[in-house]
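Inspection log for the structure reproduced underneath, given as structure tokens.
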Amino acid sequence: MIAAAHRERPGITWAAPAVLFFLAFAILPVVAVVYLSFTEWNGLGDPRWIGTANWSALSADSELVNGITTTLTLTVVSWLVQTPLALLIGVWAAGPQRNRAVLSTLFFLPLLLSTAAIAVTFVSLLDPNFGLAASIGDGNFLGDPERALYLIALVIAWQFVPFHTLLYQSATRQIPASLYEAAQIDGATGVRQFFAITLPQLRNTIIASSVLMLVGSLTYFEMILLMTNGGPGTATRVLPLHMYAKGFVGFDMGYASALAVLLVLAGAALSIVVVRSTGYHRMASDREGA
């Protein structure tokens with residue numbers, strides 16, 4: 001039986017298509033960007049090798065610090081807004097209440113919309129002249145440097161909370177019902193069951209969702225480009241937008257490549273910090289095939 005099971009185990013060649021796809025569309029572009037970060041290139045002609053000049057220029061870039069600060073602020077705000085909302089809605093959506101399926105379907109609609117469509121829609125809604133925002137105070141929310149970034153964070157949350165809700169919904173449904181039955185016999189309230197059973201059982205999902213959320217927040221670009229183009233001033237100019245401005249507006253692809261490598265390193269470092277600080281890397285799976 002053991003020999004038969006061994007024969008049925010998929011060979012390493014089964015992974016070849018995925019490995020080739022990953023090499024072609026993930027590893028090779030990163031290698032190319034690392035090479036370009038050591039060159040001077042305007043997007044046309046041949047890149048010219050200039051060594052570490054682009055990397056040295058990072059320390060003299062006055063807008064880089066603002067870009068990093070804005071990106072970190074957006075990352076933290078996005079996590080603080082999206083995680084509680086997605087967790088609570090996901091737990092609710094996993095319950096047996098009536099009309100849950102219909103309401104969940106309506107709630108998940110933002111997942112079907114493109115980022116461009118969402119950005120254009122909210123720009124119209126927040127227009128201080130004819131949008132819904134015109135009836136609230138001065139209506140100039142996107143033109144206010146103190147509020148524009150937080151408003152963008154809310155729009156991003158509106159788009160991505162449904163995705164993370166799906167993670168929490170599916171994970172909640174995997175929690176054994178016997179745990180809740182035992183808690184009810186002991187007289188535990190719904191709130192007590194949430195903090196004593198649901199939340200600990202969702203620990204791995206919270207970590208996985210947080211990694212996706214934090215790393216994904218480093219790539220927010222098109223939403224901000226379409227809603228504020230980094231403004232007013234540089235209030236919403238995150239690091240990806242700064243990279244775009246240097247590369248495709250300033251035609252300095254070499255320096256933009258250095259910024260891109262910086263983003264990749266920041267995303268990798270953030271993932272490692274979250275996974276290691278939460279002890280996620282030490283957890284052994286009890287699932288078959290792990």
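Numbers for the structure displayed
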read-out: For the stretch 72-217, alpha-carbon Rg relative to the globular expectation (2.2 N^0.38 Å, N residues); value: 1.25
read-out: For the stretch 155-290, alpha-carbon Rg over 2.2 N^0.38 Å; value: 1.45
read-out: Given the chain, longest segment not containing exposed loop trypsin sites (Lys or Arg not before Pro) (DSSP; at most 16 other Cβ within 10 Å); value: 174-286
read-out: Ellipticity estimate at 222 nm from DSSP helix runs (n ≥ 4, -39,500 (n - 2.57)) divided over the chain, nearest 500; value: -18500 deg cm²/dmol
read-out: Equivalent-ellipsoid semi-axes of the stretch 194-272, from the Cα gyration tensor, Å, largest first; value: 33, 16, 7
read-out: Accessible area per residue in Å² at 1.4 Å probe, computed on the stretch 31-154; value: 59
read-out: Heavy-atom accessible surface of the stretch 8-60: percent carbon and sulfur, 1.4 Å; value: 73
read-out: Cα-based Rg / Dmax (Å) for the chain; value: 23.3, 75
read-out: Anisotropy class of the stretch 97-154 from Cα gyration tensor, a/c 1.5 cut; value: prolate
read-out: Global form of the stretch 1-128, assessed from the alpha-carbon gyration tensor, a/c cut-off 1.5; value: oblate
read-out: Relative contact order, percent, the chain [alpha-carbon distance under 8 Å, six or more residues apart]; value: 28
read-out: Axial C-alpha extent at least 20 Å, average Kyte-Doolittle at least 1.6 - helices from the chain (DSSP); value: 253-277
read-out: Carbon/sulfur fraction of accessible area - the stretch 191-270, other protein chains in place, 1.4 Å, %; value: 68
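The values are calculated or read from the model by the stated rules, or taken from the named source; none is laboratory data. Treat the numbers as computed from the prediction; the structure is a model and nothing was measured. So basically every Cβ, Gly included, is an ideal-geometry build from the backbone, and we count neighbours across all protein chains shown. Keep in mind that these areas ignore ligands, DNA and RNA; they rest on the heavy atoms of the full protein, side chains included. Shrake-Rupley method; radii C 1.70, N 1.55, O 1.52, S 1.80 Å.
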